1. Could you state the angle between the C-alpha long axis of helix 2-18 and the longest principal axis of the C-alpha atoms of the chain, as a value from 0 to 90 degrees rounded to the nearest 10?
2. With no solvent and one point on each alpha carbon, what is the Debye value of log10 I(q)/I(0) for the chain at q = 0.06, 0.07 Å⁻¹?
3. If you build the Cα gyration tensor of the range 286-437 and take the root of 5 times each eigenvalue, what three semi-axes come out, in whole angstrom, biggest first?
4. Considering all alpha-carbon pairs of the range 134-239, what whole percent are spaced by more than 21 angstrom?
5. Can you compute the FRET efficiency between Asp409 and Phe210 using 1/(1 + (r/R0)^6), with r the Cβ-Cβ distance and R0 = 45 Å? Round to the nearest 0.05.
6. Can you tell me what percent of all Cα-Cα pairs in the range 158-311 are more than 27 Å apart?
7. Sorted from largest down, give the three principal axis spans of the alpha carbons of the range 48-191, whole angstrom values.
8. In deg cm²/dmol, rounded to 500, what helix-only [θ] at 222 nm does the chain give when every DSSP H run of at least 4 residues adds -39500 (n - 2.57) and the total is split over its residues?
Amino acid sequence: MKRILAGVVLAGTAAVSAQAADLAVKAPYMKAPVAAVYDWTGFYIGANVGVGLGRDLQTHSYPGAGTLNSTYLQPQGAIGGGQIGYNWQFGSMFGPMLIGVEADIQGSGMSDGYTSLNGLATNYNQKLDWFGTVRGRVGLVRGPAFGYFTGGYAVGNVKTTVTEGGLVAFENSKTRSGWVIGSGVEAALGGNWSGKIEYLYLDLGNQTDFFGNQSLRTEARESIFRVGLNYRIGGNGMYVTPPPANWAGLYIGGNFGGATARDRSSVTIAGVTDAFNLAPDGFFGGGQIGYNWQAANWVFGVEADFQGSTLKDQRAAVLGPAVFYDAKLPWFGTARGRIGYSLGSTLFYGTAGYAYGNIKTDIVSAIGNYSFKTTKGGWAAGAGIETPFQLFGLLGPNWTSKTEYLYVDLGSTTDAFGATGINTTKVTQHTLRTGINYHFNQPVVAKY
């Protein structure tokens, strides 16, 4: 549910930003030429690539002996495929709007075979081999950019294997169906081409399987982060992007988003070890400040941000279960470089740099209760799209909105507890956020 709400908030801000007037170069105020008007109506076909991360709670039970464990299986890997769709653009009291339908099919390399419990004697492996969706889209349009909500039907093949003592005790490959919801931003690249950045949350349902005197209950919840390229059939083939907007100068802003962590962990007590994932997820929000330099269409910048976070995982129970976890990431921040390319009033950029954050782990175990807190440094990398933002005319031309994906790696921690306990955790997270920036360079606005 957190992923869904974060996606809705993200799409809401992106959609509002898409209806804003466009930034232009430092030049006298003027109307943009008719050729710059973009009509999104029509068929399109395209391709996409990205990364997927599952957060699939599994419980393994022996009848009469209670639950053996409760941990998250987290298939992760590259995804890629193609999409086809149709858009209708029409006028409304809020300005130009878009509704559409889209279908896609994806190959997936998402897998996770890390979790080994019962003293490493029981291994779990889960894969998402492929998935597809059929969705509606709705958004607000302003010229060559729009933000949108999307949702509909999802289907995918999930394969789960349980190995006990080196022998396969259970194996199942099944096509599951469910629903999907998400958000994105799409912008014209020139001619019939457009590019997009998109987040999807897939719920492929729950399943309980019985084998021998055991049962395994698994969920399938997948977060998909991807970029795509579309070609509009019979679209604005004569569309020429206007001169690049003026991005140079100082800016400051705020942001809000959601994140899911994939923290490879292990715990050892009295020589017995379990390996598993901690999967904190939740919301985060904060502020950023940065500075851009510009050379023609190319934009170079630096940015620093700081985030408060609600990320937590209170479901992990291992070693019997005799060890229970409460893992949190109360705050984190980054200091990054940015490099981008401005197509008219839309900035496409990549970003990378230093990351830091506070890691808190509470352990309740048979040998006592313990709490650990540490601040770790690491790295972050990602990409985003930034566009004008005027909030139905309430804000001036100095405002922009961005939608951004970041992967954060905060390295590993090792904590000893009691006489024989050792816990290790490697902290990584996938984040998606939207933000607004105020630019001090007072850019000029071009009308459509």
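The values are calculated or read from the model by the stated rules, or taken from the named source; none is laboratory data. Nothing here was measured: the structure is a model prediction, and the numbers come from that model. All Cβ positions, glycine included, derive from the backbone under ideal geometry; neighbour counts span all protein chains shown. Please note that ligands, DNA and RNA were not included when accessible areas were found on the heavy atoms of the full protein model with its side chains. Shrake-Rupley method; radii C 1.70, N 1.55, O 1.52, S 1.80 Å.
1. The answer is roughly 10 degrees.
2. Evaluating at q = 0.06, 0.07 Å⁻¹ gives log10 I(q)/I(0) of -0.29, -0.38.
3. Here the semi-axes work out to 40, 15, 11 Å.
4. Percent of Cα pairs beyond 21 Å in the range 134-239: 53.
5. Using R0 = 45 Å, I get an efficiency of 0.70.
6. Numbers: 6406 of 11781 pairs.
When every Cα pair of the range 158-311 is considered, 54 percent fall beyond 27 Å.
7. That works out to 63, 30, 21 Å along the principal axes.
8. Values: 1 runs with 17 residues, N = 448.
Rounded to the nearest 500, the figure is -1500 deg cm²/dmol.
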